[in-house]
Amino acid sequence: MASAAHARFHARMPWPPPVRVTLSSSGSASISIGVLAAITCAVIAILPVDPAVVALAIVAIVLWSVDRIRVVALRRGARAVRQFELRGDLTLVIVMGDGSACAGRVHRDSYVGARLSTIVWRPYGRWRHRTILVLPDMLTNDDFRRLRVLLRYGRSDVTHGEPASHA
């Protein structure tokens, strides 16, 4: 009896409006990636290892950081997430830098904080999860707030199961 009433309650409950955002480039992400890469290069430089290995490792870190700044912080390139729409049932539709679109489900491992949010999601038909970093300077204040609220309180019964209580 309780499950039938619960199902009727959810059947009548409307979804909140979707959050549609276009991500801007982020100065704080660029600086953070650059500082972390520089610190990592400094640590590697003082290791008692063959100088050729140190040089190769530093080149790899610099190349990686340039790629991450370009794709994650500046939102440039075909692999960059430029826009997305998050729906109340935690369905996510993204638009990549090359114009292609992809849909999937937000995973419960997503993190929602005041200064940083990460959206962990899995595209439909894929087995691997992907992550979108969202910082406050990538969105307007209102969009960042609406996104955090929907991520925190949105539900996907497929992913999260039934809520323990509505009280």
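Laboratory data are not the source of any read-out in this text; all were calculated from the coordinates shown. None of the values given here were measured: they were computed from a predicted structure. Every residue, glycine as well, gets a Cβ built from its backbone with ideal geometry; the counts of neighbours run over all protein chains shown.
Below, the figures for the structure above:
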read-out	value
Summed residue charge, Cβ within 11 Å of G97's Cβ, Lys/Arg positive, Asp/Glu negative	+4
Bins of 5 Å, starting at 0 and running to the largest distance - Cα pair percent for segment 1-146	2, 9, 14, 17, 16, 13, 10, 8, 5, 3, 2, 1, 1, 0, 0
Extension gain (nm, one decimal) between R130 and L74, 0.36 nm per residue minus Cα-Cα	18.3 nm
Trypsin sites (Lys or Arg not before Pro) within segment 97-133: DSSP coil, no more than 16 neighbouring Cβ in 10 Å	R108, R115, R126, R128
Gained length - S100 relative to T140, 0.36 nm times residue gap less alpha-carbon distance	12.0 nm
